[in-house]
Structure formats: C-alpha cells, structure tokens
Amino acid sequence: MVQLSVVIPAYNERATIREVLRRVQATPHDKEILVVDDGSSDGTREILAGVTDPNVRVLLHERNQGKGAALRTGFAAATGDFLIVQDADLEYDPRDYEKLLEPLLAGDADVVYGSRFAGYPRRVLFFWHTVANQFLTLLSNMTTNMNLTDMETGYKAFRIDVVRRLVVESERFGVEPEITAKIAKLGCRVYEVPISYHGRTYAEGKKIGWRDAVQAVGAIVRYGLLPGRASSHAGYDTLSTMDGLQNYTAWLWKQVAPYVGDRVFEAGCGTGTMTRYLAGREYVLGLDIDEHYVQMMRGGYAGRPNVRIEHADLAAPEWSFLDGHRFDTVVCTNVLEHLPDDRSVMARFHDVLQPGGRVVLVVPAKIQLYGTIDRALGHYRRYERTSLERLLRRTGFEVEELRYLNLTGALGWLLNGRLLRREVVPSGQAALYDRAFPLLSLADRLNPPFGLSVLAVGRKPARPTRASA
C-alpha cells in the first residue's frame, strides 16, 4: 500500500491547527502527519502537545526560523512514498489530495503543483496579491522554462526520491521559487492540477507581505540564474546540466549514430540523453541503477512498445533483465567509468551481442583531467586511448573506431575540475558553451590528440575468438 507523508509547517496557528489536523486525518490514505512547529508562541505548541494520534509526529523548532526551515525539517523526517505540503491554515483543502496524487500514482509526474488560478471554488480577495503572484510566476517561468500558472502555491506533492535529492536552503517564503528552480534543474516531470482555494485576510491571520515578494524575486534570481547546488548529490546537478546541452548532445549523437543498429541495449540510460535518439530503433532496452531516472523514463516512454526501461545494476552478478534478448548494439555513454570492474562488464557486453554486433562507448578521457567533478560524479577513472584499446581487445572485440572527442570541452573541465576545484559544472557556463558549440566543435575535425571524451567502437567477430589474457 502507498504511504503518504503530509508535512505541515505551523507558526502561531492556534485558531486553525485542530481543524487542519482533523481534515488531514479524515483523508482516505495510509499516511504519517509531520507537524513542524516553527517556534509558535500563541498556544499552538500546547495544542500539539495534546495530540494523541500515533500517526501524528510533532517536530519542534525552539525559535521561529521560517517556512523554508520548517519544510527542511519535515522533508528530512518523512518516510512515505509520496509527500504533500499542507499549510497549517485553512486556505488549502485536504479533499484535493486525490487531485494532487493522481499524476504521481499514474507514474506520469515526479512533482505536482496545485494551481489556485486554474481551480474552483476560489475565494475572491486581493487584486494586487494576484498581480504579484502572476509576476513572480512569470519571472520564475522565464528562468526555468516551465509554464506554471501558480509557482507560489502552497500545495505541492512530490515523489519521495525527489524530496531526498533536494537541497533546501531558503529560510522563509523564498522556498517556493527555490524548490521550483531546483526541480527544473533536476529535470523532474512537473504536472499542475486545479485546486480550490480559501484565502485568508490579514485580519484572519495571513502572514505573507511585500517583503516576502521582494525576497521571492531574490530567490528566483539566485536559484534560477546563478550557479548553485540543486541536489544533495553533486553528480545529479552535473548530469541534469549536461542533459540540457542540446547542441552538444545532438553533435554527440552524430558521432555515435553510424554504429548503431536496430536492436539496442543502452547500458545506463540516465535521464534519456541518448534514449531520445535511440527510440526510433526496432527495440531498445534502457537500463539504469537510479530508481528516480527509471521511473521518469518509464513515464516518458509509456506509449512506446519498442522501448523498455529497467532498473538494475550493471555490476550485479546476474543480468536477469536481459530475458533472453540478444542485441546488435550496446550503447554505453559515460557509464563505464562508474563501474569498479569495467573488464567484467565489457565481457558481458560481448556475451549479449550477436556475432558481428558492436559495442559503442563514450568515456571520459585523459587521466590529467581527473579532478573534483570526477570525484563528485563517482568516477573510478578516466581513459587513455591506448588503455581503452587494450580493454576492448582483452574482452574479445575488434577495434573499429577509437578517437578523442570534444577538444574545447576538455579545457572547460580542466578549469572547473582541476584549477577551480568545483564539484558541479556551472549551469550558466554550460549553457553559454552549448550555444557556441556549433562553432567550437569544428576543432574536432582536426582529429585532436586529446579531448574531454573518447569514442570507442568494438565489433564482436562473426566467428568466436579467444579474448586476450
């Protein structure tokens, strides 16, 4: 059964906290309720002390820190499969949980926003608040390239693995644009559903004001435009950044495409950077060790019967996911360096290929470039062209292609990962690089003696040969 975590940040909500808890408890879900009292001084804390429901956990802040801090505490304590943020006032109705959860349960979304401007009933209140909300949403959309109608909504639902990834830094109401910017950077599938809204006046306890709007603008600029961590793991940030480099990935596919057949095993599909190009083939089996990426990819390719996505570990002793399939191509881009025993995995690639089939590898190049970004990504190694040739031959492959790629990218990696010792590729820098890439890629026509990556293509002989010792 699906477990739901409901996180309720509360500050001086004595008048509403009992009713909010009653309504949340009445929803038909197996759930835990996490109330984060953010230093209340009006009697809210005393009311919470009297709650006896075993499904309600009360987490206390000794002083008021803000909504962002309360969410950070609640997120860290959540144990469910999905998480909903529920404000402690009566502006949002728990009866809307079904709407919020539907795209998550269907496997279509990673995050769902409840839009106050797309739903009904909606209490008619302040015109200028609406203008401010629409302005902030527009500004946020410009930095994230999403088309939300209500970025500032207090009703958000998440897959728990998304919550586990997020690094929440904002203390106060800047947390809404911060979360929005970071889920965009992580490539999450975001849905929006209409919800009812029962807004409060200031006389009824509304707390947000113009200073919070100014803070939200600052958060949009900081988290949407400037370099920074979106995830608890630096590697996710870099992978999300690289996934957005459309000119580079299109060029990389052109290097790979001539060697790709009709029945493809993609070993490490990640967020689908290569899968989008492979999806037109007769049959594609995409594999990844990250459950978040697998769920995202399954949702994206649910209507494509020729594309199958599986969750598995290439380093596992058995590859049961193959289910007897044989392939004419194994595509493995930026994965082999993550595996402690690359030789045994390459030998397995040889086994799953039909005679005459190819393994197509793209791996990070040059030991001299190994630095802080490599360590953050979990790279065991970078490759030289000679070491990769030796690996191919020792696992039974004939070498068909072996060359360095992306000369100019190697310079950027050297700057960020060795000289500046960064753990994440700056997204703004990467975006500028991608725009210039059609011109920068001309350097690769010179067949340079080094580059950011190595492209290697090995062919399984049509007749069995014995791998080298």
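Side notes on the structure shown:
- Average silhouette area of segment 390-469, convex hull of alpha-carbon atoms, in square nanometres: 7.5 nm²
- For the chain, adding -39500 (n - 2.57) for each run of n ≥ 4 DSSP H residues and dividing by the number of residues yields -10500 deg cm²/dmol at 222 nm.
- What you get for the chain, charging only the Cβ of Lys and Arg (+1) and of Asp and Glu (-1), is a dipole of about 1300 debye around the Cα centre.
- At a probe radius of 1.4 angstrom, the accessible area of segment 1-120 per residue rounds to 42 square angstrom.
- Evaluated on segment 281-431, the Kirkwood hydrodynamic radius is 17.2 Å, with distances taken between all distinct Cα atoms.
- Burial ranking of peptide ranges 420-430, 406-416 (average Cβ count within 10 Å, highest at the top): 406-416, 420-430
- Counting only Cα atoms, the size of the chain along its three principal axes is 80, 44, 37 Å, in decreasing order.
- Sequentially through segment 149-164, phi angles give Karplus couplings (6.51, -1.76, 1.60; θ = phi - 60°) of 9, 8, 5, 7, 4, x, 9, 9, 10, 9, 5, 5, 5, 5, 4, 4 Hz, Gly and Pro residues having no value and appearing as x.
- Distance between the pseudo-spin-label points of ALA312 and GLU98 (7 Å out from Cα toward the beta carbon): 3.9 nm.
- Distant-in-sequence amide contacts of GLU400, defined by a placed amide H-H separation under 5 Å and a gap of 5 or more residues or a different chain, comprise VAL457, GLY458, ARG459.
- Rg/Rh ratio calculated on Cα atoms of segment 355-428 (Kirkwood radius): 1.05
- Computed label-point distance, nm, for sites ARG418 and ARG276 using a 7 Å Cα→Cβ extension: 3.1 nm
- Extending 7 Å from the Cα toward the beta-carbon at both LEU105 and ASP262 defines two label points whose distance is 4.2 nm.
- Most positive-pole-ward Cα, LEU446, VAL331, ILE373, against dipole of the chain from beta carbon charges: LEU446
- Extension gain for ARG22-ALA77 works out to 17.7 nm (0.36 nm per residue, less the C-alpha to C-alpha distance).
- Protection-proxy order for peptides 161-168, 360-367, each taking the mean of Cβ atoms within 10 Å per residue, highest first: 360-367, 161-168
- Segment 1-95 - convex hull of alpha carbons, volume per residue in Å³: 87 Å³
- Cα gyration tensor shape for segment 30-77, rounded if a/c is under 1.5, else prolate or oblate: oblate
- Across segment 410-418, rounded Karplus estimates of 3J(HN,Hα) from the backbone phi angles (6.51 cos²θ - 1.76 cosθ + 1.60, θ = phi - 60°) give 4, 5, x, 5, 4, 4, 7, x, 10 Hz, Gly and Pro being marked x.
- Rounded to the nearest 20 debye, the dipole size of segment 1-108 about its Cα centre is 240 debye, using +1 on the Cβ of Lys and Arg and -1 on the Cβ of Asp and Glu.
- Among the protein heavy atoms of the chain, carbon and sulfur supply 54% of the accessible surface, probe 1.4 Å, non-protein parts ignored.
- Rounded, prolate or oblate (a/c below 1.5 giving rounded, otherwise prolate when a/b exceeds b/c) for segment 248-340 by Cα gyration tensor: rounded
- Computed on the Cα atoms alone, the convex hull of segment 295-383 gives a volume of 122 cubic angstrom per residue.
- By the compact-protein rule of thumb, 2.2 N^0.38 Å, the alpha-carbon radius of gyration of segment 9-160 corresponds to a ratio of 1.08.
The values are calculated or read from the model by the stated rules, or taken from the named source; none is laboratory data. Bear in mind that the values here come from a model prediction, so they are computed numbers and not experimental data. Don't worry about glycine lacking a Cβ; one is built from the backbone with ideal geometry, like all the others, and counts go over all protein chains shown. For accessibility, only protein heavy atoms count, side chains too; no ligands or nucleic acids. Shrake-Rupley method; radii C 1.70, N 1.55, O 1.52, S 1.80 Å.
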